[in-house]
Structures are given as C-alpha cells and as structure tokens.
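Q: Can you read through this structure? Questions will come right after.
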Amino acid sequence: MSYLLRSSATSARFALPIAKRVCFSTATRRFQQQQQQTDSQSKVTHFGFRDVPEEQKESLVRQVFANVAGNYDVMNDAMSLGIHRIWKDQFIRSMAPGPGTKLLDVAGGTGDIALRFLDYCRNIHQDSTASVTMVDINPHMLEEGKKRFTKTPYADTNQANFIVQNAEKLEEIPDESMDVYTIAFGIRNCTHVDRVVKEAYRVLKPGGRFMCLEFSRVDNPVISKFYDVYSFDVIPVLGQVIAQDRDSYQYLVESIRKFPPQEQFAQMIRDAGFSTIGKGYEDLTFGVAAIHSGFKI
C-alpha cells in the first residue's frame with residue numbers, strides 16, 4: 001500500500017511540470033498565431049496619400065481606372081499638354097524592336113504602347129510577325145484598348161491579344177517566353193512594385209529587356225515648385241471638368257509623389273536580377289517622367 005502511495009506521489013510530481021509545459025506551449029502557439037494574424041491585418045500600403053490595408057488597394061485602384069477609362073486618352077492629352085505622346089515615342093525608339101519581337105505590355109490600358117510598337121515594326125522593318133500581349137488588371141481599360149485596335153491594320157490578326165491579369169502574378173504568361181516587357185504609367189499603382197519587377201524577370205527570355213516609363217522626381221527646385229502647383233491645383237480641376245471625376249485624378253497626382261525616385265527604382269530593378277547600363281534610366285522633361293531599362297543576362 002505504501003508503495004502505491006509513493007508511486008502516485010512520484011507520478012504527480014512529474015505530471016505537474018509536464019502539464020505546465022503543455023499549457024505553456026499551447027498558450028505560446030496561440031499567442032504566435034494571434035500575432036501573425038495581427039501582423040497580417042496591420043500590413044498597410046499607400047493609396048495616394050492615404051494609408052490603406054494592402055488587400056484593399058487592388059480594388060481601390062481598379063475602381064479608379066474603371067471611372068476614368070472612357071476619358072483616359074483625352075485626359076492624358078489635357079494633363080500633359082500632349083507631351084505624353086513625345087515620351088511614348090521616345091520609349092519605343094529606345095526599345096528599337098526588331099522583326100518578330102514578342103512584347104508583353106503590362107498595364108497596357110488603351111493600347112498606346114502596343115500600337116506604337118506594332119507601327120514601329122511595320123514602318124521600320126515592314127514586319128508583320130511582331131506580336132504584343134496586352135495585360136491589364138482592369139477590364140474596362142482593356143475594353144478601350146480592344147475598341148481602339150478594331151480601327152487599326154492589326155484588327156483580326158494574331159499580332160495582338162488581351163488578357164485581364166494582375167501584374168504581380170502573370171499566371172497565363174509562361175517562363176522565359178517574351179522578348180520585351182513594358183509597363184508605362186502603371187507600376188506605381190501596383191501594391192508590391194518589387195513583385196512586379198520580379199515577375200517581369202521570370203517571363204522574359206535570357207537577353208530579354210524590361211522597360212518602364214513612369215512619372216518620376218524633378219530635382220530642379222524652381223521647376224519642381226511649378227510642377228507641384230500644376231499637379232495639385234490644376235490636374236484635379238481638369239479631371240472634374242473633363243471627366244466629372246476630381247477624386248480619381250487627385251489620387252493619380254498623389255500616387256506620383258509616392259513612387260520611388262529614379263535611383264531607388266533603378267536599384268529595385270537590379271535587385272530583381274536585371275543588369276542595367278549606366279545609371280539605368282533616362283530622365284524626360286527635367287525628370288517629370290523617366291524611362292527605366294534592364295536586361296536579363
């Protein structure tokens with residue numbers, strides 16, 4: 001009988017620390033899970049000058065471009081006084097695509113870059129084998145591009161196709177399948193810019209080229225002051241008058257100021273694996289916009 005009592009007492013002494021450890025371990029796991037959930041919920045990004053949860057930005061941006069799609073080209077001319085056309089022409093000249101080039105144009109919108117690319121190949125090389133795949137997360141913008149293409153020599157050909165897809169995850173684009181990747185005035189609207197550039201690296205063939213045309217940072221203080229006044233005091237008013245949508249154009253102006261400056265974005269491109277020539281970018285109109293370029297070596 002005394003043996004049984006001693007045995008029970010011994011078991012109880014061992015069981016108590018084990019039970020404490022189990023309880024502590026369970027509580028720790030519960031705390032870690034709650035912490036991870038809190039961290040996930042607390043991840044924020046910018047939507048213009050507002051901080052918003054990361055998971056909301058995509059839908060907010062989608063709504064902006066759904067609102068502006070019908071007046072997008074007209075507003076581009078009004079906001080830039082037509083200078084955006086010169087920038088895009090320089091963008092294609094810098095690309096200098098050859099016959100048979102396969103272009104992936106992300107955030108392709110209404111087709112400005114895609115059409116200039118095909119026109120260049122046709123006019124310079126008399127080539128009809130070059131092709132472009134236009135990708136946009138917003139179906140309203142892509143529909144505007146489709147409508148525009150119906151009035152071009154490329155309608156009903158296999159030179160252009162359209163895909164609704166997120167630039168951060170190009171699920172329908174195979175690895176190493178494209179010669180050139182372009183994104184013009186779109187990357188600043190993406191939630192994770194670094195993921196977009198890494199995805200570009202994945203889909204490009206060895207020797208392929210990444211090119212980005214985006215609003216940038218003006219260093220000249222006098223021009224910068226004038227640019228700020230025009231951006232914040234004039235462009236939203238133009239949005240209200242022409243598109244009856246001040247808020248969307250207020251966001252677009254703010255999003256430009258939140259995008260990394262030229263040197264920082266050029267380093268992001270190198271961090272994704274691309275090789276750059278020189279500083280990796282070319283300023284346009286005092287740095288109001290810039291062409292960034294990297295090669296997959």
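Q: Multiply the residue gap between Q267 and S59 by 0.36 nm, knock off their C-alpha separation, and tell me the result in nm, one decimal place. Provide the component values of the computation, followed by the final result.
A: Working: separation 208, 0.36 × 208 = 74.88 nm, distance 2.83 nm.
Taking 0.36 nm per residue and subtracting the Cα distance, the gain is 72.1 nm.
Q: Counting helices only, and only those DSSP H runs with n ≥ 4, report the 222 nm mean residue ellipticity of the chain as the sum of -39,500 (n - 2.57) divided by its residues, in deg cm²/dmol to the nearest 500. Before the final figure, lay out each step's value.
A: Working: 11 runs with 155 residues, N = 297.
-17000 deg cm²/dmol, from helical runs alone.
Q: In addition: What does the extension gain come out to for K205 and D156, with contour length at 0.36 nm per residue minus their alpha carbon separation? Write out the running numbers ahead of the final one.
A: Numbers: separation 49, 0.36 × 49 = 17.64 nm, distance 2.71 nm.
Once the chain is fully extended between K205 and D156, it gains 14.9 nm.
Q: In whole Hz and in residue order, list the ³J(HN,Hα) couplings for segment 133-142 that follow from phi through the Karplus curve 6.51 cos²θ - 1.76 cosθ + 1.60, θ = phi - 60°; x for Gly and Pro.
A: So the Karplus estimates, Gly and Pro as x, are 10, 8, 10, 8, 6, 9, x, 5, 5, 5 Hz.
Q: Excluding ligands, DNA and RNA, what is the solvent-accessible area per residue of the chain at a probe of 1.4 Å, expressed in Å²?
A: On the way: 15470 Å² over 297 residues.
Here the residues of the chain average 52 Å² of exposed surface.
Q: In the Gaussian network model of the chain, springs joining C-alpha atoms below 10 Å, which of P236, P153, P206 carries the largest mean-square fluctuation?
A: Highest fluctuation among the options: P153.
Q: Could you work out what % of the accessible surface of segment 164-297 is carbon and sulfur, using a 1.4 angstrom probe and leaving DNA, RNA and ligands out of the count? Provide the component values of the computation, followed by the final result.
A: Working: 3290 of 5970 Å².
Answer for segment 164-297 is 55 percent, counting heavy atoms of protein chains only.
Q: Estimate the FRET efficiency between E143 and L238 by the formula 1/(1 + (r/R0)^6), using the beta-carbon distance for r and 25 Å for R0, to the nearest 0.05. Intermediate values should be presented prior to the final figure.
A: Numbers: r = 24 Å, r/R0 = 0.94.
Once rounded, the FRET efficiency stands at 0.60.
Q: Something else now. What is the Cα centroid distance between segment 212-287 and segment 173-189, reported in whole angstrom?
A: With segment 212-287 and segment 173-189 each reduced to a Cα centre, they are spaced 19 Å.
Q: With just the Cα atoms defining each centre, how far is segment 45-108 from segment 148-170? Give it in Å.
A: Here the answer is 15 Å between Cα centres.
The values are calculated or read from the model by the stated rules, or taken from the named source; none is laboratory data. The model shown is predicted, which means the values in this text are computed figures rather than measured ones. Because the Cβ atoms are built from the backbone with ideal geometry, glycine has one as well, and the counts that use them run over all protein chains shown. Note: areas computed on protein heavy atoms with side chains; ligands, DNA, RNA excluded. Shrake-Rupley method; radii C 1.70, N 1.55, O 1.52, S 1.80 Å.
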